[in-house]
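Student: Here it is, the structure in full.
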């Protein structure tokens, strides 16, 4: 029957499961999308680990694309049946933060992040979209769902990390950690004009992927102090460092690897390690070395999605190699388990429906 | 005799004294200025307290104006006898950092700060200026030396704090601490278009001065949690917070008082409290609330000095009320002692020659 | 009876008249405001002169504030009875241009400008507001309607001219023409940190007002080549020039008065003079002197309105002296006639209800 | 004998010739470079055509690299024998424009452009460099002279065109004319993150090269109104258009092809067509469509050169295919003749020594 659907839910700390649910219905200005492809995110894993508090039974997922299934009254920008991508962050477009351009902070800190946190996520056969005209981005005909789904979070997040990094044309960038967000930041660093990209990760496969995505140099933390080596390689430090892990050690390395006047662009979620993050004052020039720290969460909205998809559509960016594993929605539990344990060199598992 | 001069020197930790020295001579591209007015800076006090290591006998001071006394070969932009102001930071204008626009980081972190740190300071009857064509700024005829000297550090530092704060027109700003740098940041916040400036300080006289310099609201930390009150007053936090003290507590308050997407602009020197600065992660949105931390040191160079002096020359900015005390150079030791102990409501002691 | 209202309408080219109309009704997401204060704009005069083609009978006006009268379904940000200001430009907040931050270009070039052009204007006892949650800005209790109404167009337009002018702190600005928009740009130039503001106008009263609003120097074009004098006064040209008239001559003067690397910020509506605007190539450095030309139309939206009103609420900006004449809505025809002929030193006629 | 040298000189309007000259000598802070590779620029052709007035006998050329031959007193950043590149623009680094970051406007409009205009050019066996520490950029060991020479003007100019174009990540760009500057702008547009680059040129070989350098679509003006086709292809106009020809027609097309809120970045030298450039007001939204026009001349200085060379050194950018022809300095007259007549599909002739 078409009015129930399957989705992957948070059951209790450490446990997920496929559940049956009613297909959601759109209110005024809203839409419901029939999902065709999803990606599992490390944030989902964090959530199930209890880092983010969500009610039991809440559906997981925030990286999904599909086909418009139903629209509420007043929705004018899409028609039923159209292929669409929806950002992980779904702002209302109206609040002060949105009007100021900070869609991810819609209504308050991190408030644009609604899937899973404020309502059911979208790793499900259907999903609900608030403020549909603001958030539904038609997928170009020539772009596959399997690529388009990378615009939802990975590229949007990785690229804002690069955009915030204030890289001068031909400048130098170090990207710390080469999971999917870090790899996207590596792509992004090239995309915004970096002349040298140094990618850091302890896993050889990830360093190899980083090279494939445009890193000029890769460094393994096991080989010795990474920040020191970066300072040496660049004759004084990079222009910009991107933190894509969410750890005190890499945050600190970012500060130490960056030259005076440079920018540290943080993408990592620092909620796992404790209530504080520590700045070593020598690396920070005692607060006067002209270093900047930028932070962000995946920016949402249709307009950005269109531009991200265009980059894939013209072949400028191909995140495809990040899809290391594929599953049907029926195997979502297994996919989630692999993602949790980072088995088998998994980067991003793609779920199809 | 004209070839010796008096200057205020660091003698040993905690002790300063007037000393006799040869008048400096300019090398190629350099100049020597006969001093007419100086200001004592809290940084001088920090230096004498041992926070910055400098050799015994090193002259103090980095806020001075005067008259061109001699110039070395190749100096073309000024003539002997011309009234000039020289920034506390004297970049070479040539290194990578200077070409990138970070004059205060000339040659390396904080490297543009030469007076006292790398050579004799300028609280002396004469002082030496490197890269004279880059650094000597003629003082407008209608501007007094006693005002012009505020461009050397106070306004340049306070204003860059406001410029870095990324205040939207009509936005809200909180300035933490209302010493001379904080007061200058308060002036600066109005100058860059803030609609509401909240000034924080525990000393009533300073809060009064802050009001005189354009603060709309002043807060006394003794009256309860300042950050909380700011969040309440502004309905969610300021757009920008300026740290003008150099303390963990105020840095933390800046983070807590700023809304998602806002900017914390650090001016304070954090060398006094320990090797680290701590970021509370809740106030930082776990590294994802779009908050930015900018840092800087007084930007130098003639071009900026001209613009700062123009602001005083047209009456737009009048830092005069910061001059709470006046001394001849013969009384510099006494002036320094008062500055060290912050006696008698002292903000800035002016030294004349 | 409460369901009809009076408003000032365009009757035929050159003729306006008070007409009776049904009070508008809000659709979903929309609102109707009971007007308390309006300002007549030079654009209204242009429209009646036939420069902009609008249907006969269309209500004029786009600068009005009032009290929320009724709201359509889904409006959540205001309640009936609340005092509100509405920008002259009322974007939907959703289209690509809005998401890109160009609210005035909503849906296409100049598309955010709806009043009079796309629907009835708001010089009427009641007016309709599309996308109410995006566009209705509550007026602070301590701010009068008579001041708040300046945020609708004059300050929003004048200030964007200053914001786009890229004035370095303490830099120099020339503002060409001191009508209400030019005067607002003069206020704006000070507000964004200019060190010297030169205001140009041929009418002595306007030059006097310009001085009152913060101009340091005023120039009368009758006294000889203005651009030349500005170049001389500034030793090479201003950092930024603002065109607030919409004429070839002043546009050209802006280019000639600005130094290499400077910015020309255009606010003037150039529709009156012909199909082209001419750039003199010598003043433009043959297209290589680093000069920039920025253009804009009044940016809309609640968030900006709040910031503009805050500037008046804290006393930072007081456009009050622009209100040279006052009329009841019953005398709107007379007010319009005076505005058309610029009689009696009129700057802005205020209409009350 | 080593103290004379050969160089290509402007003899009279329309005529160039190899001449014998003394090897220049460096003054204080200056250097002399022994040339190893040069490129002939269309500007040289313009100069010989009389567009720029220069004295008879003046050496041509401003795109050269080589080896440091001698240095004057005070030069510290390079040693004799070091391979160096020197930008076409050689600012002093000290004037107001340089301190403001507009090195190409050093000392006044276009004033940083010294070679040929203010002193002998560098298409000669040796050339003189003012302000050596500011301007000499060591060439990375792994980068050939034949590539490094592209940093001198082509990449610096083409890329600033892209940098000034304010392309949002994944945005759309049209580049008008695909000579060497236009091709460099095409490379630059990709480099700054464009998602779609449309290159326009009437010559099939140039369109082919444009594709090789990253254009997604190429258009031939012979096939009909280019601006109209661009508006259609992009559903409303590009975010940014780059003018790389210096003609009224392409400038106008840039305005027409760009959407509201977009940027026109001018690189073309408009000195050949007449004293004015015309803006069609409909394409300009009557001065209110939020369109910006940016202009620039090749930015100079070592720091930028280093970054441009890094982009070639890491293989990110390879301008090599622009070198369509090669000559020894002995054949410079022939090379110049070919460049003047654009024979044989010539893009850039490389001169070796």
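Values in this text are rule-based calculations from the coordinates and carry no lab data. It should be emphasised that the depicted structure is a prediction, and the values quoted were computed from it without experimental measurement. Quick reminder, even Gly has a Cβ in these numbers, built from the backbone with ideal geometry, and neighbours come from all protein chains shown.
Student: Quick one: helix D:302-313 against the long Cα principal axis of chain D, what's the angle to the nearest 10°, folded into 0 to 90?
Tutor: Around 70 degrees separate the two axes.
Student: Sorted by mean Cβ packing within 10 Å, highest first, what order do the peptides C:22-29, B:98-105 take?
Tutor: B:98-105, C:22-29
Student: Name the nearest-to-axis residue of chain C, judged by Cβ distance to the rotation axis taking chain C onto chain D, and quote that distance in whole Å.
Tutor: C:293, 2
Student: Separate question: For residue D:141 and residue D:13, what is the calculated FRET efficiency with R₀ set at 30 Å and r taken between the beta-carbons, to the nearest 0.05?
Tutor: Approximately 0.10, to the nearest 0.05.
Student: In degrees, nearest 10, range 0 to 90: what is the angle between the Cα axis of helix A:180-191 and the longest Cα principal axis of chain A?
Tutor: 70
Student: Restricting to bridges with both residues inside chain B, how much of the DSSP beta-bridge set is antiparallel, in percent to the nearest 5?
Tutor: Percentage antiparallel, nearest 5: 55.
Student: Assuming R0 = 35 Å, what is the FRET efficiency of residue A:225 and residue B:333, from their Cβ-Cβ distance, to the nearest 0.05? Mind dumping the intermediate values first?
Tutor: On the way: r = 46 Å, r/R0 = 1.32.
According to the calculation, E is roughly 0.15.
Student: Measuring from a point 7 Å out along Cα→Cβ, what nm distances, shortest first, does residue D:80 have to its partners in the other copies?
Tutor: So the label point of residue D:80 gives 3.5, 8.5, 9.2 nm to the other copies.
Student: Same structure, new question: Roughly what % antiparallel, to the nearest 5, for the DSSP beta bridges in the protein assembly as shown?
Tutor: In the protein assembly as shown, DSSP labels about 55 percent of beta bridges as antiparallel.
Student: Another one. One decimal, nm, shortest first: give the distances between the label point of residue C:50 and those of the same position in the other copies, each label point 7 Å from Cα along Cα→Cβ.
Tutor: Nearest to farthest, the other copies are at 4.8, 7.9, 8.7 nm.
Student: List the pair-distance distribution P(r) of chain B, using every Cα-Cα distance, as the percent of pairs falling in each 20 Å bin from 0 up to the bin containing the longest distance, rounded to whole percents.
Tutor: Going from the shortest bin to the longest, the percentages are 32, 58, 11, 0.
Student: I would also like to ask the following. One decimal, nm, shortest first: give the distances between the label point of residue B:13 and those of the same position in the other copies, each label point 7 Å from Cα along Cα→Cβ.
Tutor: In nanometres, ordered from closest: 4.9, 7.9, 8.8.
Student: Another one. If one computes P(r) from the Cα atoms of the range A:1-110, what percent of pairs lie at distances over 21 Å?
Tutor: 49
Student: So, one more: Going by how many other Cβ atoms sit within 10 Å of their own, how do B:333, A:243, D:252 line up, fewest first?
Tutor: Arranged by neighbour count, lowest to highest, B:333, A:243, D:252 become B:333, D:252, A:243.
Student: To the nearest whole number, what is the average tally of beta carbon atoms from other chains within 10 Å of the beta carbons of peptide D:305-318?
Tutor: 5
Student: Just to verify a number: FRET efficiency for residue B:80 and residue D:212, C-beta to C-beta distance, R0 = 56 Å, to 0.05?
Tutor: The calculated FRET efficiency here is 0.40.
Student: Highest first, please rank the peptides C:108-114, A:82-88, D:77-83 by the mean number of other Cβ atoms sitting within 10 Å of their residues.
Tutor: A:82-88, C:108-114, D:77-83
Student: How big is the C-alpha Rg of the range D:158-295 next to the rule-of-thumb value 2.2 N^0.38 Å, as a ratio?
Tutor: Details: Rg = 13.1 Å, N = 138, 2.2 N^0.38 = 14.3 Å.
This ratio for the range D:158-295 stands at 0.92.
Student: Sorting check: for B:164-170, B:49-55, which peptide has the highest mean count of neighbouring beta carbons within 10 Å, and how do the rest follow?
Tutor: In decreasing order of mean packing, B:164-170, B:49-55 become B:164-170, B:49-55.
Student: Measure nothing but the geometry: give the 0 to 90° angle between the long axis through the Cα atoms of D:332-341 and the longest principal axis through the Cα atoms of chain D, rounded to 10°.
Tutor: The helix D:332-341 is inclined about 10 degrees to chain D.
Student: What spacing in nm lies between the two simple spin-label points modelled at residue B:278 and residue B:248, each 7 Å away from Cα in the Cβ direction?
Tutor: In this crude spin-label approximation the distance works out to 0.5 nm.
Student: From the helices alone, meaning DSSP H stretches of at least four residues, give me the mean residue ellipticity at 222 nm for the protein assembly as shown, per-run term -39500 (n - 2.57), in deg cm²/dmol to the nearest 500.
Tutor: Mean residue ellipticity, 222 nm, calculated: -7000 deg cm²/dmol.
Student: Let me ask another. Please find, in a Gaussian network model of chain A (springs between Cα atoms separated by less than 10 Å), the residue of A:189, A:222, A:132 whose mean-square fluctuation is greatest.
Tutor: Looking only at A:189, A:222, A:132, the biggest GNM fluctuation is shown by A:222.
Student: Please find, in a Gaussian network model of chain A (springs between Cα atoms separated by less than 10 Å), the residue of A:262, A:74, A:121 whose mean-square fluctuation is greatest.
Tutor: A:74
Student: How big is the range C:91-141 by Rg and Dmax over its Cα atoms, in Å?
Tutor: Taking only Cα atoms of the range C:91-141, I get Rg and Dmax of 12.0, 36 Å.
Student: While we're here: Let me see the P(r) profile for the protein assembly as shown: every Cα-Cα distance counted, bins of 10 Å, each bin given as a percent of all pairs.
Tutor: Pairs per bin, as whole percents: 2, 8, 16, 21, 22, 17, 10, 4, 1, 0, 0.
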